[in-house]
Each structure stands twice: as structure tokens, then as C-alpha cells.
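> Mind looking over this structure? Questions follow.
The values are calculated or read from the model by the stated rules, or taken from the named source; none is laboratory data. In this text the structure is predicted, and so the values were computed from the model without any measurement. Ideal geometry is used to build each Cβ from the backbone, glycine not excepted, and the neighbour counts take in all protein chains shown.
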Amino acid sequence: MPQFGFSISKPRAINLDTNDQVPAERLLQEVPELKTCIACGGCTATCTAGNLTDFNFRKMHTLVRRGEYREVYEQMDKCMLCGKCRLVCPRGINTRAVVIKIKRVLGDY
Amino acid sequence: MRRNSWKEYQKEVADDRYYYLRSCIRQNFFPGSEKAFLKIVGEELGRDIFDDPAHTSCTGIGYHSDIVPYETIMTVVARQFAMMTEAGYENAAVSCITSFGVYTETLETWNEFPDIEAKVRENLYKATGREFRKPRNVSHASDIIFHHREEIGRRAKHRLVNRFTGEPLRGVEHIGCHYAKIFPREGIGGVEFPYVLAGMIEAWGGSVVDYPERRHCCGFGFRNYLVQANRGYSVANSQKKFESMAPFKPDFIVANCPGCAMFLDRWQYTIAEIEGTTYGEDGRGIPVLTYEELAGLVLGYDPWELGLQMHQVDVEPLLNKLGVDYDPAAKYLVTNGRYIGCPEPAMVNMGAE
Amino acid sequence: MDKRVVIIGGGVAGMQAALALKERGAEPVILEKEERLGGKLRDWHRLFPTFTPAAEVLEPLREGIARAGIEVRTGAEVECLSEGGAVLRGGECIEGGATVICSGFDVFDARIKEEYGYGIYDNVFTTVDVERMFNEGRVATAQGGVPQRIAFLHCVGSRDEKVGAHHCSKVCCITGVKQAIEMKEMFPSAEIYNFYMDIRMFGPGYEELYRRAQLEYNINFVRGRISEASQTIDGRVQIKAEDTLVGRPLKMTVDMLVLIVGMKGGSRNVAFAGSGGLTVADNGFMQPQDSFLGNVSSGRKGIFYAGTVTAPKNIGESLNEGVAVAARVASYLGL
């Protein structure tokens, strides 16, 4: 093959026609109130880990719900399970459970 | 598809007395296209078109690569207009989409900011002693072919019909971004459902493919292509289009922009080499034509006179469907019979058969 | 003083205004351009947030009008205003002691947003089409199939400089939520996505319905505006948006794309303004005297407003303005 000096870029788009939604559906069965998230970002604003690392809890669970799982499992390791996010959530989402269930559904993914 | 909205977007296209503004790169990419345009407009249609050796590149590639400042390119444009004025013409016929975008953008800037126009006039006068009148009409060369499409259709030697099946040939039309994405009113059919190339295909007997990524940019993008390390996203855009159009089994692609026609053609080779993926019938690629080449084939011009041997993807499957009588042995011979060499065989280009 | 009141438009605001004026001793006459009273509500199936059938609002109003013996002129399209009333197409003048303009709004023409292909692609619909399908009792794709995936797009014709609409049409957010729920009830296995820029739940019970749509009906809300729609080879619709909450482009193919169309100022507003000395606001709706104490007054003697002629409003607000304007008109007429 000729050396072109570049490779063909892969699309960045979230493709809902091909993404595997099964882990996402399992997560929402376990923590159904996560569906009511309105992305206020309160959880991320108060997050102990998010203030020290690039951990963005709101973004991570939104990605899972879109069927995007790459690196999410590893990101969840940054959570200290302090529980402050649960106190601030205006929708009453059990955010600590979300962290643990994401690890569980993605652990064998 | 009920593509009727194009009738709401009409622009004036001059009917005669054109001053031809050539592209800097098309003469290398598709060396027969501009010659074919002059022949079609001048000889077939009997219109007055002036091919002025004194005009220059519009410097649009430099402009879009942050090398040529806007003030400079506006002065270059002013010089083109001065040459046109001196030659006694008022209707610009622009060969290139990038240039067309540059001309329309410049004229709109002068329209909005007359002080800038005055400054450019002053710069041009100081540098060259020339003065100019603004054109009465600026049309892209594809607008002009569109304008005369019925007349070209009446002279057709070949209709865009598959002679083996009797079905209309399926054409993908690809419009250069700077044709109407800068000023939708400047494009026949506007920006979402442009009709300039679709109208040619339909007028000459073919059917137009509307595929999901029809409106997507080819990926040329100037600095995306010019910088080798960035070509990965340039080619990815073309690939996205090929993947999207492939299920519709197009017989050909026609484009009205130098960069688009070039890259939709050449990237098929690149994708074949890098990923082993080919598109089109029998995996031999989808032939890509300029609008002049398409018009030339319809009018019965010799494909090698049109420069079709310079394409990456072999055009022979399309010529066979059209019923074009061509000499395979003459593919790499120029008019005086000199052999110009042939490319190495590749997945989308068989070289000399 | 003349007790006759010319009411332009027989939608919910006009009917309510007529009923309330009649109770106060006025003699209203309703000028309705269509053949039947009811306005836009005639084409609606059920009302947010309670899913009340539109007929349960319309019928009592129509019966009230009939029972009270209020004069109704149907097929009477008003061209412009006259000194003491309105001029009908054909030139007939209908005059009285006061005029109430209840001519409502126009539905945004989704074809203007060409990138969505409404009127070109088979499976692109509007919220108005969906209500019609609900009324007909059959919702299906253009090919006659059961939709498995439906996308709703909020803010079509609203908050969009490209169509000259800076305003929010207000009621479309909740309409999108309502229709998403109704679709889910009709097609329980379908996936439904609502693409929004903001979700503006301004009325009582609206936010609660939104929450139920998420929690109980599994409607997916994606914050991002669809940039374009195209038809796939099998006649479905490919859409592109950004999922702004994760900062990545998103694409998907759906069986139906429903454009949640907004409200725009009525096409007669300019004629009314020119002939009646009134003002059309920047957003294309009529400008009331002010937004507080004079919100059903025009600032011109004897000319009043009620309903969506002055701004996007829901049915309840339009009905309330019918009562409010009656009080103002009665006071003006000394009743």
C-alpha cells in the first residue's frame, strides 16, 4: 500500500442506529429515576472528584444512556461515593446507585 | 422526490456575451472541461464568450488558507473586473466554485460597505492604473449550462439512459459548498435542494439520486487537504458520502466544483488502498464527471478529447451504458498521437486494458 | 351608545368574548371566515396537559352561542377594519359600538425550514398533521407501517432568526410532550425522541407531565436542534443533531419526524394595523396597549383584543382573555 501519511478519520457522531442500548436499558431498569435527569449539572458542580479530575458525572451517565460506553467504566473509578451529588439532585435521583450500577452493567460489557 | 422548491429560488443568468473567468486548478485536474465549456457555449450555442489570457487566478485557495488577506483578494477581483471592463463585457462566467464564492462575497462586501469598495478601487488604480465597472451579472459556469440545458438536450447525441436496460441513468449531483451556502439566493434552487446540476441530469434523460448525505461537504476544505496530516478528515467526509450513496447504485457523480470533482474521484482510489473498500458497479468505482464533461458526453464529444482519461476512476463503464463509441487504444494518446503514459493499475483504475 | 360589538374571529377567544358580552347586555356579532366556529381548535384532538378532548371545550362554547342567540356570520372573512367595525371580503361593512379582534395566529409553515424536507420527504410531519391523524384514529408512516421510532423536533418556526422569529411560541414544548405521550400510548414498543433547545413548561401540570413523559413513558429528551433531515433509501428519515449535553454529534434514522410548529402573527395583522391605526409588534403579533393593565386594549378607542392575536397563548389563557375583554368593552360601552 502506498504511504499516504494519514489515515481515514473515524466518525465522532453518536450513531443511535448502531449503538448497543442493552446496557443502557439495564441501567435504567435498575435506577429508573435517572430518566428524569434534566442535566442541571448540580451533581457535577458539587462532585468531590470532578473538582480535582476531569470526571464529569452528568456527561458520563448521559453517554451511557446514548449507548456510548467507552472509558465510562474507568471514569467511574474516580467517584469517591461521598454522596453529595445525591443531596443536591432536584429530581431525587439516587446518583450513588447510578455510579454503582454503571460499574455493574458495564463490568462485563 | 417532490423537489419543487427550486422554482422559488431563481437567479438571473445572462444569456449571452460572457467574460470567462477560468479556474486555476481545473486545467490540471480536468484539462478538457474548460475547453469543452468554451466549445459548447461558443460553437454549439453560438454565444459570444471571451477567454481572456490576461486574467489571473482569483487567489481563492490562498485566501481560504490564510495566506492571501481579504484586502488583497478583493483587489485581485477588482483587476479581473477591470480586464472584463476593458474587453467590453459585463457578464462574468466563473468556472470555479471557490472563485464564484470569492466574487459574490466581494460584491456583497462592496454593497454593504461602499467605503471598502472605494478603497479597493484606489488600491487597484495606484497599483495598475486600471479602473472597472462592476459586472451586471455573475453566474457560475454551471448556471450557464443549466440556463442552456434544454437547448443542449435538443442537440443530444446521447441521452442519460442505460442502453442495456432502457432505464434512466442514476446521477448523484454534488454542489460545491461556496455555490450557495454563502448566499442561498445565488444558487438555482437555493441551498437545501439545489437544482443546478439536478436540472441538467433531468433535462438530459437521467434520474437524480437524493441520498441522505447529499448536502454534506466533500471534505476538500482547503487547509484540511493542503496539510497532509489533516487529510484524514478530508477523505472521511467523502467516504461518508460514498457510504450513503452506495445503496442507490449511482451510475455517475457530477460536481460543479473543482475540489469536489477532484476529491470525489481521487479519494475513491485512496479509500480503496487504505481500507480495501470500493464503490460502484463491480467494485470499480463510481465515475465522477464535471458538468462540462457530462454535457460534452451528451453532445457526443470524444471522451478522450474531453480529458476523461485523466480521471482516477475509469469512466468506461459509464461510456458503455451511454453507448458512446470510443477507441480504447486512444485513451492515452493526445491529439498528435503522442503517448502520454498510463497510470499503474489500481482497484478503481485498470490502466490500459 | 350602540350595544352591538363586532367580534373578528370565532375561535375560543371570540366565542368566550361573545358569551361574556351577551351576559353583560351587549349584542355581539361574530365574524368567522370558516364555515364553522372553533378556530384552530377544530383541528385539535386532545388538549394538554389533561388530555381533555378538544370537543369538551368547543361544544359548550358553541352550544352557549346558539342558546344565547348570538349572531354568527360564517364564511365572513374580514379584509380590514372600518371606522366602527370591519370590512368583509366583498366590501360589506359590519359596524357597532366596539370591535374585538380575536383573529388568532397562523401556524408556522414548516416548508420554510427547507432543511427538514417537509412537503418533500414522505415521513416528515407537523404537530398539526399528527392531531389530524389522531382525529382520524389512524397514525401510520407514509408507507402505511407502524412507526418503531419517532422523533419530535421542538422550536420549528420559533426562536429562529433564520425565519424572522425571535419569539418563543410557548405552547409547543408541552404540545411536543403531549403528543410524544399519545404516540407512546398508541405504539408502546416505539422509541420516541424529543429534540429540544430548552424545555419551557410554563403552565400548571406541565412540568409534572414532562416528568411523567420521562419516567413513565420512557420518552428520550435530547438537548440539541436537528440540523437537517434526509430521506433514506427505504423512505425513512435520517436526522442529525448535536447531543449538546455530551458535546458530540448524533445521528439516527427514524420512521417519522414530527416538526413541532410554532405560532406566528396572523397574516391579516398588517391590514388591521393599517386600516385601524394599530401597531404590529416586532414579533408579528398585534401590540396591546401594555402588558399589564391594558393587555386586552389596543390603545385606539373602541378596538380591543383577545386571545392569540397579541401573543402565543394556551386555550385557558385565550378563554380568560375572552372574559377580560368583555369587562373592558362593557365598561367602554357603559353597560
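Yes/no per residue for (1) more than 21 Å from the chain's Cα centre (by Cα); (2) in the same structural domain as C:Phe202 (by TED's automatic domain parsing); (3) within 13 Å of C:Ile315 (Cα to Cα):
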{"residue": "C:Val12", "(1), (2), (3)": "no, no, yes"}
{"residue": "C:Lys22", "(1), (2), (3)": "yes, no, no"}
{"residue": "C:Gly39", "(1), (2), (3)": "no, no, yes"}
{"residue": "C:Asp43", "(1), (2), (3)": "no, no, no"}
{"residue": "C:Thr50", "(1), (2), (3)": "no, no, yes"}
{"residue": "C:Glu59", "(1), (2), (3)": "no, no, no"}
{"residue": "C:Glu71", "(1), (2), (3)": "yes, no, no"}
{"residue": "C:Ala86", "(1), (2), (3)": "yes, no, no"}
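> Is it true that some residue in the range C:50-62 is touching a residue at least 24 places away in the same chain (Cβ under 8 Å), touching a Gly at 6+ places or on another chain (Cβ under 8 Å), surrounded by fewer than 20 Cβ atoms within 10 Å (Cβ to Cβ) and assigned to a loop (DSSP other than H, G, I, E, B)?
yes
> Then there is this: Quick one: count up the residues across the range B:270-290 that are facing chain A (nearest Cβ under 10 Å) and of a type in the set (S, T, N, Q).
The total comes to 2.
> Given the conditions (1) of a type outside the set (Phe, Trp, Tyr); (2) surrounded by fewer than 17 Cβ atoms within 10 Å (Cβ to Cβ); (3) in contact with a Cys (Cβ under 6 Å, 6 or more places away or on another chain), report the number of the one that B:Cys217 does not fulfil.
(2)
> Under 7 Å by Cβ, and 6 or more places apart or on different chains, what pairs join a residue from the range B:280-299 that is in the same structural domain as B:Leu38 (by TED's automatic domain parsing) and at positive phi with one that is modelled with pLDDT under 95 and buried (at least 24 other Cβ atoms within 10 Å of the Cβ)?
none
Here's the yes/no breakdown for (1) within 17 Å of the chain's Cα centre (by Cα); (2) surrounded by fewer than 19 Cβ atoms within 10 Å (Cβ to Cβ):
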position	(1), (2)
C:Ala98	no, no
C:Arg111	no, yes
C:Glu114	no, no
C:Gly119	no, yes
C:Arg132	yes, yes
C:Glu136	no, yes
C:Cys155	yes, no
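> Out of all the residues in the range B:184-194, is one or more of a type outside the set (A, V, I, L, M) and modelled with pLDDT of 95 or more?
So far as the range B:184-194 goes, no, none of its residues is of a type outside the set (A, V, I, L, M) and modelled with pLDDT of 95 or more.
> Inspect the range B:222-233 for any residue being within 14 Å of chain C (Cβ to nearest Cβ), of a type in the set (S, T, N, Q) and over 19 Å from the mean Cα position of the chain (by Cα) and give the result as yes or no. Give the steps one after another, and end with the answer.
Going through the range B:222-233, the residues within 14 Å of chain C (Cβ to nearest Cβ) turn out to be B:233.
After this cut, where a residue has to be of a type in the set (S, T, N, Q) as well, the list is none.
The answer is no, given that none of the residues of the range B:222-233 is within 14 Å of chain C (Cβ to nearest Cβ), of a type in the set (S, T, N, Q) and over 19 Å from the mean Cα position of the chain (by Cα).
> Another one. Can you say whether C:Met201 is within 11 Å of chain A (Cβ to nearest Cβ) and under 20 Å from the mean Cα position of the chain (by Cα), as far as the supplied structure shows?
Yes; evaluated as a whole, the condition is true for this residue.
> Also, quick follow-up: Taking only the range C:176-195 into account, find how many residues are under 19 Å from the mean Cα position of the chain (by Cα) and of a type outside the set (S, T, N, Q).
Of the residues in the range C:176-195, the ones under 19 Å from the mean Cα position of the chain (by Cα) are C:176-180, C:182.
Now drop any that are not of a type outside the set (S, T, N, Q), which leaves C:176-178, C:180, C:182.
Summing the residues that are under 19 Å from the mean Cα position of the chain (by Cα) and of a type outside the set (S, T, N, Q) in the range C:176-195 gives 5.
> Give the residue that is farthest from C:Cys93 (Cα to Cα), with candidates limited to residues of the range C:1-49 that are assigned to a strand (DSSP E or B) and in contact with a Ser or Thr (Cβ under 9 Å, 6 or more places away or on another chain). Quick ask: steps written out before the conclusion?
Of the residues in the range C:1-49, the ones assigned to a strand (DSSP E or B) are C:4-8, C:27-31, C:46-47.
Still in the running and in contact with a Ser or Thr (Cβ under 9 Å, 6 or more places away or on another chain): C:5-8, C:30-31, C:46.
Numbers: C:Val5: 13, C:Val6: 10, C:Ile7: 13, C:Ile8: 12, C:Ile30: 13, C:Leu31: 11, C:Arg46: 37 Å.
Top of the filtered list is C:Arg46.
> Given the conditions (1) out of contact with any helix residue (DSSP H, G or I) (no Cβ under 9 Å at 6 or more places or on another chain); (2) more than 14 Å from chain C (Cβ to nearest Cβ); (3) among the charged types (D, E, K, R); (4) farther than 25 Å from B:Arg79 by Cα, report the number of the one that B:Arg149 does not fulfil.
(1)
> State yes or no: is B:Val76 crowded, with 19+ Cβ neighbours inside 10 Å, assigned to a helix (DSSP H, G or I) and either polar (S, T, N, Q) or at pLDDT 95 or above (or both)? It would help to see each step written out before you state the result.
Details: crowded, with 19+ Cβ neighbours inside 10 Å: yes; assigned to a helix (DSSP H, G or I): yes; either polar (S, T, N, Q) or at pLDDT 95 or above (or both): yes.
Yes.
> If I ask for residues that are assigned to a strand (DSSP E or B) and either away from chain B (no Cβ under 14 Å) or small (Gly, Ala, Ser) (or both), which ones from the range C:115-133 would you list?
Residues satisfying the conditions are C:Phe125, C:Thr126.
> For C:Ser103, all conditions in the list (1) under 14 Å from C:Leu31 (Cβ atoms); (2) assigned to a strand (DSSP E or B) hold save one; what is the number of the exception?
(2)
> Quick check on this structure: which one of A:Ala49, A:Ala24, A:Ala39 is among the aliphatic types (A, V, I, L, M) and touching a Cys at 6+ places or on another chain (Cβ under 9 Å)? Full working, then the answer.
Working: A:Ala24 fails: touching a Cys at 6+ places or on another chain (Cβ under 9 Å); A:Ala39 fails: touching a Cys at 6+ places or on another chain (Cβ under 9 Å).
Checking each option against the conditions leaves just A:Ala49.
> Could you list all residues from the range B:224-278 that are modelled with pLDDT of 95 or more and not in a helix (DSSP H, G or I)?
Selection gives B:Lys249, B:Pro250, B:Asp251, B:Phe252, B:Ile253, B:Val254, B:Ala255, B:Asn256, B:Cys257.
> Kindly establish whether C:Val146 is touching a Phe, Trp or Tyr at 6+ places or on another chain (Cβ under 8 Å), surrounded by fewer than 19 Cβ atoms within 10 Å (Cβ to Cβ), modelled with pLDDT of 95 or more and away from every other protein chain (no Cβ under 14 Å).
It is true that C:Val146 is touching a Phe, Trp or Tyr at 6+ places or on another chain (Cβ under 8 Å), surrounded by fewer than 19 Cβ atoms within 10 Å (Cβ to Cβ), modelled with pLDDT of 95 or more and away from every other protein chain (no Cβ under 14 Å).
> Please work out which one of (1) over 30 Å from C:Ala229 (Cα atoms); (2) surrounded by fewer than 18 Cβ atoms within 10 Å (Cβ to Cβ); (3) under 20 Å from the mean Cα position of the chain (by Cα) is the condition B:Arg159 fails and give its number.
(3) is the only condition that B:Arg159 fails.
> For the subset of the range B:13-50 comprising residues that are at pLDDT 95 or above, assigned to a loop (DSSP other than H, G, I, E, B) and touching a strand residue (DSSP E or B) at 6+ places or on another chain (Cβ under 6 Å), which member is surrounded by the fewest Cβ atoms within 10 Å (Cβ to Cβ)?
It comes out as B:Arg17.
> What number goes with the only condition from (1) over 27 Å from C:Ile233 (Cβ atoms); (2) surrounded by fewer than 22 Cβ atoms within 10 Å (Cβ to Cβ); (3) among the hydroxyl-bearing types (Ser, Thr, Tyr) that C:Thr141 does not pass?
All conditions are met except number (1).
> While we're on this one: Which condition number does B:Asp265 fail, the rest of (1) touching a His at 6+ places or on another chain (Cβ under 8 Å); (2) charged (D, E, K, R); (3) within 13 Å of chain A (Cβ to nearest Cβ); (4) surrounded by 22 or more Cβ atoms within 10 Å (Cβ to Cβ) being met?
Against the list (1) touching a His at 6+ places or on another chain (Cβ under 8 Å); (2) charged (D, E, K, R); (3) within 13 Å of chain A (Cβ to nearest Cβ); (4) surrounded by 22 or more Cβ atoms within 10 Å (Cβ to Cβ), B:Asp265 comes up short only on (3).
> I need the full set of residues from the range B:183-206 which are touching a residue at least 40 places away in the same chain (Cβ under 8 Å), more than 14 Å from chain C (Cβ to nearest Cβ) and out of contact with any helix residue (DSSP H, G or I) (no Cβ under 7 Å at 6 or more places or on another chain), in order please.
Selection gives B:Ile201, B:Gly205, B:Gly206.
> Could you list, ordered by first residue, the pairs with Cβ atoms under 7 Å in which the first is in the range C:221-238 and farther than 13 Å from A:Leu16 by Cβ and at the interface with another protein chain (Cβ under 7 Å from one of its Cβ atoms) and the second is of a type outside the set (Phe, Trp, Tyr) and not in a loop (DSSP other than H, G, I, E, B), at least 6 apart or interchain?
C:Glu228/C:Glu115; C:Glu228/C:Lys240; C:Ser230/C:Gln238; C:Gln231/C:Val237; C:Thr232/C:Gln238; C:Thr232/C:Thr253; C:Ile233/B:Pro247
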